[in-house]
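Peer 1: Here it is, the structure, as structure tokens.
The values are calculated or read from the model by the stated rules, or taken from the named source; none is laboratory data. Model, not experiment: these values are computed from the prediction. Here Cβ is always computed from backbone atoms with ideal geometry, including for glycine, and neighbour counts include all displayed protein chains.
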DNA sequence: CGGTCCGTTGAGTTTAATCAAGAAACGTGG
DNA sequence: CCACGTTTCTTGATTAAACTCAACGGACCG
């Protein structure tokens, strides 16, 4: 049974038995981490590549005025920048959202792996390009979408990403995100998020629990968001 | 006399004579492009890495409702994603802002260059990490900064980036950006940008010309923005 | 020299933030 | 297992920020 990291990379390109063995070696050592635990903090010198095997994490930054902006969610199989070891210090922090299983790969080991396994290298660069597209899509959302579109768009992104890694079992999908986290991800106040969610609930697009929410109708959300999934690079160039 | 691309890479790591010769070969063929010319459009299959040798360009995306969001500015020496050739199609467009000198490197050539020249590879990955930091900083700006802070923050970013590549000759710095471009970069309306600039002008932080603007007091802007330059990774790990 | 694009300003409207308060769920320790 | 404190969610009323609409002037271009 392959771990989420390996399974995700397989979606981005073919891997040989040897590639998979190398990935298994490198991600074999993992640790269990409680929710809301910083994996690395702004200012720390990064020495390891962080790989999320199970659970959710988030990249975030705290501003001088105390507010927080979340810049990305990491789902099972996702990892932080491959070449992060080149930096003198982190410019943001990464924290678990839920209890998680985390592998930390020493940067030199990751460099060696990329060098020796070209399939892995290609798959990882494809994954990274997708992440960058996501980053740009967030900018587009924050700049040019209304608050309800913005919420719906994030939901679509998360739903689609979750689908691809086999996390969506029915048409519905439960996210482990509180309204406070959503607010910090979308640049709004929790109060306003709450009102937007109320609206989406009344349209039967989603329902809300304490500390999490359920996407009931992703198609409707996509319509509200004006969602274009191209940015997630569903259609990568056929791997050669 | 080395071109801007090579000079920029030298800032990110030491290059040998051989490295430099290879970079010169690859960027020797360039073309002059007028302002407001699309270099590549959303939906196009990317086959070349775009390198800006002179002038400014921007990444942008047009939404279904016709609005535009700019997600990045490319300055002399900057290039688009190295591995862009892996994608089936672009999820955004890239356009010149000013008249520019552009080199387009076929993706396989770029791959070969990175393979054969590890110094170049390292320098480029460092540059790319910096770009990603910039992307995240934009998200933070859009989500959690007031409009005046947001404008001031972008000005600081651009001033600092321009300084590093030797584009700032006095303490002042002229940017070739219209208020419309600024508005589309910062997720505001041109009308509101105009009022914010008026405010910054009255504080003697900047002045404005038609189609461009001048940063008069970058220190004051940094103060207004709450600017933290760490995200631009001034202090990279000492190249080894 | 007429047209177009950009910048500027004012007035009115919309959107989202702020302030405030209470309810419901959760966690912990006795 | 219950009591208590804490966090999250919810709602209403008010304020602040930014957008929209509209109009006009100046600069640049052919």
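Peer 1: For the stretch A:68-84, how many residues are part of a loop (DSSP other than H, G, I, E, B) and in contact (Cβ under 8 Å) with a residue 60 or more places away in the chain? Lay out the reasoning, then the answer.
Peer 2: First pass over the stretch A:68-84, keeping only residues part of a loop (DSSP other than H, G, I, E, B): A:75-78, A:80-83.
Going one step further and asking which of them are in contact (Cβ under 8 Å) with a residue 60 or more places away in the chain, we end up with A:75-78.
The qualifying residues number 4.
Results for (1) within 25 Å of residue A:89 (Cα to Cα); (2) in a loop (DSSP other than H, G, I, E, B); (3) under 16 Å from the mean Cα position of the chain (by Cα), shown as yes or no for each residue.
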position	(1), (2), (3)
A:1	no, yes, no
A:7	no, no, yes
A:13	no, yes, no
A:24	no, no, no
A:39	yes, no, yes
A:43	yes, yes, no
A:49	yes, no, yes
A:58	yes, no, yes
A:65	yes, yes, no
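Peer 1: A follow-up question, please. I'm trying to understand the selection: among the residues of the stretch A:197-224, which are surrounded by 22 or more Cβ atoms within 10 Å (Cβ to Cβ) and either assigned to a helix (DSSP H, G or I) or near DNA strand D (Cβ under 9 Å from one of its atoms) (or both)?
Peer 2: Step one: list which residues in the stretch A:197-224 are surrounded by 22 or more Cβ atoms within 10 Å (Cβ to Cβ), which gives A:200, A:205-206, A:213, A:215, A:218, A:221.
A:200, A:213, A:218, A:221 - these are the residues of the stretch A:197-224 that are surrounded by 22 or more Cβ atoms within 10 Å (Cβ to Cβ) and either assigned to a helix (DSSP H, G or I) or near DNA strand D (Cβ under 9 Å from one of its atoms) (or both).
Peer 1: Being more than 25 Å from residue A:153 (Cα to Cα) and surrounded by 21 or more Cβ atoms within 10 Å (Cβ to Cβ): is that true of residue A:115 here?
Peer 2: Here the answer is no, as residue A:115 does not meet what is asked.
Peer 1: Pairs needed: first member in the stretch A:185-203, away from chain B (no Cβ under 14 Å) and closer than 18 Å to residue B:143 by Cβ; second member anywhere, more than 10 Å from DNA strand D (Cβ to nearest atom) and assigned to a helix (DSSP H, G or I); C-beta distance under 6 Å; at least 6 residues apart or different chains.
Peer 2: Close Cβ pairs (under 6 Å, with a partner that is more than 10 Å from DNA strand D (Cβ to nearest atom) and assigned to a helix (DSSP H, G or I)) amount to A:196/A:147; A:196/A:148; A:196/A:151.
Peer 1: So, in the stretch A:176-223, how many residues would count as being within 13 Å of DNA strand C (Cβ to nearest atom) and at pLDDT 95 or above?
Peer 2: Residues flagged as within 13 Å of DNA strand C (Cβ to nearest atom) and at pLDDT 95 or above within the stretch A:176-223 amount to 23.
Peer 1: Let me ask you something else. Within 13 Å of DNA strand D (Cβ to nearest atom), surrounded by fewer than 17 Cβ atoms within 10 Å (Cβ to Cβ) and under 15 Å from residue B:73 (Cα atoms): is that true of residue B:176 in this structure?
Peer 2: Values: within 13 Å of DNA strand D (Cβ to nearest atom): yes; surrounded by fewer than 17 Cβ atoms within 10 Å (Cβ to Cβ): yes; under 15 Å from residue B:73 (Cα atoms): yes.
Answer is yes for this residue.
Peer 1: Hey, another quick one. Taking helices (runs of 4 or more DSSP H) that do not extend beyond the stretch B:85-195, which have at least 2 residues that are within 26 Å of residue A:62 (Cα to Cα) and touching a strand residue (DSSP E or B) at 6+ places or on another chain (Cβ under 6 Å)? Before you say what the answer is, go through the steps one by one.
Peer 2: Details: elements: B:107-116, B:118-144, B:147-164, B:179-186.
By residue number, B:118-144, B:147-164, B:179-186.
Peer 1: If residue A:108 passes every condition in (1) within 12 Å of chain B (Cβ to nearest Cβ); (2) at pLDDT 95 or above; (3) crowded, with 18+ Cβ neighbours inside 10 Å but one, which one does it miss?
Peer 2: (3)
Peer 1: Moving on to the next point. Return yes or no: is residue A:226 within 15 Å of DNA strand C (Cβ to nearest atom), within 14 Å of chain B (Cβ to nearest Cβ) and modelled with pLDDT under 95?
Peer 2: Values: within 15 Å of DNA strand C (Cβ to nearest atom): yes; within 14 Å of chain B (Cβ to nearest Cβ): yes; modelled with pLDDT under 95: yes.
So residue A:226 fits the description; yes.
Peer 1: Then there's this: For the stretch B:7-57, name all the residues that are free of Cβ contacts under 8 Å to residues at least 60 places away in the same chain and out of contact with any strand residue (DSSP E or B) (no Cβ under 9 Å at 6 or more places or on another chain).
Peer 2: Matches in the stretch B:7-57: B:17, B:20, B:21, B:24, B:25.
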